[in-house]
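Working notes for the structure below.
The values are calculated or read from the model by the stated rules, or taken from the named source; none is laboratory data. Given the structure is predicted, the values throughout are model-derived calculations rather than measurements. Every residue, glycine as well, gets a Cβ built from its backbone with ideal geometry; the counts of neighbours run over all protein chains shown. All accessible areas refer to the heavy atoms of the entire protein, side chains included, with ligands and DNA or RNA removed. Shrake-Rupley method; radii C 1.70, N 1.55, O 1.52, S 1.80 Å.
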4 protein chains.
Amino acid sequence: MSIRILVTGGTFDKEYDELTGRLFFQDTHLPEMLRRGRCRLDVAIDTVMMIDSLDLDAAGRAEIVGRCRAATERCLVVTHGTDTMVETARALAEAGLEGKTVVLTGAMVPYAFGSSDGLFNLGSALSFVQVLPPGVYVAMNGQHFAWDKVRKNRETGVFEPA
Amino acid sequence: MSIRILVTGGTFDKEYDELTGRLFFQDTHLPEMLRRGRCRLDVAIDTVMMIDSLDLDAAGRAEIVGRCRAATERCLVVTHGTDTMVETARALAEAGLEGKTVVLTGAMVPYAFGSSDGLFNLGSALSFVQVLPPGVYVAMNGQHFAWDKVRKNRETGVFEPA
Amino acid sequence: MSIRILVTGGTFDKEYDELTGRLFFQDTHLPEMLRRGRCRLDVAIDTVMMIDSLDLDAAGRAEIVGRCRAATERCLVVTHGTDTMVETARALAEAGLEGKTVVLTGAMVPYAFGSSDGLFNLGSALSFVQVLPPGVYVAMNGQHFAWDKVRKNRETGVFEPA
Amino acid sequence: MSIRILVTGGTFDKEYDELTGRLFFQDTHLPEMLRRGRCRLDVAIDTVMMIDSLDLDAAGRAEIVGRCRAATERCLVVTHGTDTMVETARALAEAGLEGKTVVLTGAMVPYAFGSSDGLFNLGSALSFVQVLPPGVYVAMNGQHFAWDKVRKNRETGVFEPA
């Protein structure tokens, strides 16, 4: 079974800039994470963009939808910032990607931090995408939600049923 | 949905003994791993034993089967050494745990090592167990196998279809 | 030989805020770092402040000088943001802390990041402070400089002879 | 100031063998450790051997002495297993390496483990070697000892005055 990972940035891939002391985006950590997970799936990685999901606009979202539509794989994982993950999930659901299972995932803490939940979430998303029926889902911190049954609680930072 | 994790030891939980320079078992790392994964599932952890799976005998296997039978949860994850994981999977399957989904998982490298695949595998196993139909499975490095369709390749160290 | 570590914040101790996605200060990582280094020195830790060194003003600097003066130990390590470390070193030197060896150190990358130089620098600073003659020094990335023979190169981010 | 690091193996450099589940030696981690420490010293690395110091015999020790004698640098750091570090220190002292400062260091936990003291000890050894007068020293966990004033306590695993 082939899986395509579409990278869009988000907390997952934030790096520390030694010169400015700020977090920024460089290359995605996905290849390193798959190596560390000794992942034995047939996975292709596609870097669509590297941005904070708060900066994602309609054109960016259309680009993600287009890439998912164009993908020949039936199983798609989208790494995404948590702030607007649910909005992108909705855009993907409304696009009607027939026969495809799309799982959006992200991280509460950048992978570059020792304490990141990124590897756990990646293992989770890659598993859900193989067994869930076609549709659009959000997978975070062990849980999975249908795209229209979830919201991010801004106060606690966690995803919860909606 | 409630999940019970039955800890049996294995590479997952090996520690470095500073005095002897050997690997040994102390406490399980599962609670720390769930914290790091910011796991939001309803999970109970049960330390059944802390051993190398090469040292697991029929009595030990019967104990694991008994614990799985006794568990009130429908979803069970068993952390296990990779060397005899498939044998324990068979024992569980032959025990006929009706209505239960049991996923065995482990690690190629101890969690205490920076390069461990443990967190990835744990995220994966906790996801598969929620959506796979009742039965016994092995989940390693992104893949999942029915208990009777997998073997560990001793030369390469990886799990493959059988 | 007793050593006092005066914590002032800086990159060393920056944490990731899961809610805002920004770096911030919480508690110092020094105790954890000393445990990890299995440090066997007689060390006392004093959190003077937890700030970005760009936010350090004259009053803050006076506070650091006062703490160094008040300390009964002859060996003092000051953890400090790199941006104005040299200015604080000058303030300490001009204060004339007779008989005391003061070593300022910091990190290019927060300790909470897997790739941090913090542990290396801490081991270095704690060693220099034991053997250098009284005076004020900056110790970064294996090197040590007298307070008036160093500057931070803003373009490369590294400390160099001045 | 030029420093030569002579690598002999020891806990520092132990790796986990995924196939056998045992610790073994592969390549040294020193270059990676220097990168992580963003070390700005002029350092040359020389892998003399990669062994457990319990397996180090007289010929091996003579080889280390020979390399230290042949080195053109005045500052030498020797990474070494802790079990017989003091014996090698004695061999180096008895060889009479005039004008040279030699610091032996090691680790209680392999660098490949997340909890290793290796980076702390390396930062420490590289600092002591620059400022201590000619002679042979052991530097571990923040402390330094003249070669004839230290022993490893086999029960606690720590180096202490002798």
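Data table
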item	result
Candidates per GluC sites (Glu not before Pro) in the stretch D:1-56, loop by DSSP, up to 14 other Cβ within 10 Å	none
Inter-copy separations for D:Gly135, label at 7 Å along Cα-Cβ, nm, ascending	2.0, 7.1, 7.3
The stretch D:38-126 shape via C-alpha gyration tensor axes, a/c threshold 1.5	oblate
Principal axis dimensions, chain D - Cα atoms, whole angstrom, descending	46, 36, 29
C:Thr101 - accessible surface, heavy atoms, 1.4 Å probe, Å² rounded to 10	0
Listed residues C:Glu63, B:Glu160 arranged by accessible area, highest first, probe 1.4 Å	C:Glu63, B:Glu160
D/C buried area, accessible surface, summed, 1.4 Å probe, Å²	2500
Residues of the stretch D:1-76: accessible area per residue with a 1.4 Å probe, Å²	47
Nearest-to-axis residue of chain D, judged by beta-carbon position, where the axis maps D onto A, in Å	D:Gly114, 4
Distance between the stretch A:1-65 and the stretch B:66-120 - C-alpha centres, whole angstrom	31
Cα-projected label distance for D:Asp42 with C:Arg40, points at 7 Å along beta-carbon direction, nm	3.4
Pseudo-label separations to other copies for D:Ala59 - Cα-to-Cβ vector, 7 Å, nm	4.8, 7.1, 7.2
The stretch B:1-47: radius of gyration and largest Cα-Cα distance (Dmax), Å	12.8, 43
For q = 0.07, 0.10 Å⁻¹, Debye-computed log10 I/I(0) when each Cα of the protein assembly as shown counts as one equal scatterer	-0.51, -0.97
10 Å Cβ neighbours from other chains, averaged over peptide B:129-142	3
Other-copy label distances relative to B:Arg22, 7 angstrom Cα-Cβ extension, nm	1.2, 5.3, 5.4
Listed pairs B:Lys14/D:Lys14; A:Lys14/A:Lys149; A:Lys14/C:Lys14; B:Lys100/B:Lys152; D:Lys100/D:Lys149; C:Lys100/D:Lys152 exceeding 21 Å between Cα atoms	A:Lys14/A:Lys149; B:Lys100/B:Lys152; C:Lys100/D:Lys152
Rounded accessible area of C:Arg38 (nearest 10 Å², 1.4 Å probe)	50
Whole-number D in µm² s⁻¹ for the stretch D:90-143, Kirkwood Cα-pair radius fed into Stokes-Einstein, 25 °C, 0.890 mPa s	207
Where a label projected 7 Å from the Cα of B:Glu87 along Cα→Cβ would reach, residues of the stretch B:127-162 with amide N under 14 Å	B:152
FRET efficiency, 1/(1 + (r/R0)^6) with R0 51 Å, evaluated for A:Glu98 and B:Glu32 via beta carbons	0.75
Surface share of carbon and sulfur [accessible, 1.4 angstrom probe, percent] for the protein assembly as shown	47
Computed over chain C: relative contact order in percent, which uses C-alpha pairs under 8 Å that are six or more apart	24
